[in-house]
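Scroll down for the structure; my scribbles are underneath it.
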Amino acid sequence: MLIALSPLSTILVGPLLLAYGPIWLVSSRSPSSTIRCSSDVRRSRVSLSAVTNISTSASVFIPRPREEVFRFATDSTNAPRTIRSRRPFAGISKIEMHQGQSLAKGSKRRIFMTDGAILEEDILAYDPPVRHRYGWAGGVKPPFSLLVRSGTGNWDFAEADGGTRVVWTYTFGLTSPLAYPLAIPITWLFKGWLQQGLDALRAELLAS
């Protein structure tokens, strides 16, 4: 897929593409790449104005029953141990449910990040032991707030080979279509943050 850049976006994005270009070229040519834009691309060339979201995902296999993995992954007290900082992204320091609510579809919670940011999340789906989905709007700190206006996280848990396959997908709503070229390398780095969290989840479960 080719992106048509305006002269302004070329000037802004140039240094980042020079720094991360090799990473993106490898990922964009790989059929297993999990970074994608939300527009339905049917041609080899797409206008930058059509791009509004960008997504990435990571996965891990854990040789434990799905119910056990789901319960541990969605227990908010475990988040500070598994979802840690990885430059340039903060980790989670604690999670608080709104007004003592239980984790369920429609409930709300506050995510306290290690950089001081606080995200107000809505639980969009909670289907034990299959799926957990949530979303937020605003709350991130600069420079990411210049690129991202919202985020949606989705955890899928599937039985596989006597254990559990966990897939964590994250979709960011961009502040502007012009943010897309800048978001490409950032999202690739964010994929590493997701993978780190899943690997820590696996290590914690295997150690328990």
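Please treat every number below as a calculation from the coordinates, not as lab data. Just so you know, these numbers come straight off a predicted model, no measurement behind them. Quick reminder, even Gly has a Cβ in these numbers, built from the backbone with ideal geometry, and neighbours come from all protein chains shown.
What the table below lists for this structure:
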quantity	calculated
Farthest toward positive dipole pole in the range 117-192 [+1 Lys/Arg, -1 Asp/Glu at C-beta], among F144, T171, G192	F144
Within straight-line cross-link reach of K105, aspartates and glutamates at Cα separation under 13 Å, skipping those fewer than 8 residues along the same chain	E121, D122, D127
Cα-centre dipole for the range 95-176 with unit charges at Cβ (Lys and Arg positive, Asp and Glu negative), debye to 20	220
Relative frequency of Cα-Cα separations exceeding 13 Å in the range 134-174, percent	59
For T175, residues with placed amide H under 5 Å, excluding near neighbours	V148, R149
Whole-Hz ³J(HN,Hα) from phi, Karplus 6.51 cos²θ - 1.76 cosθ + 1.60, for the range 136-153, glycine and proline x	9, 9, x, x, 6, 9, x, x, 5, 5, 6, 9, 10, 9, 7, x, 10, x
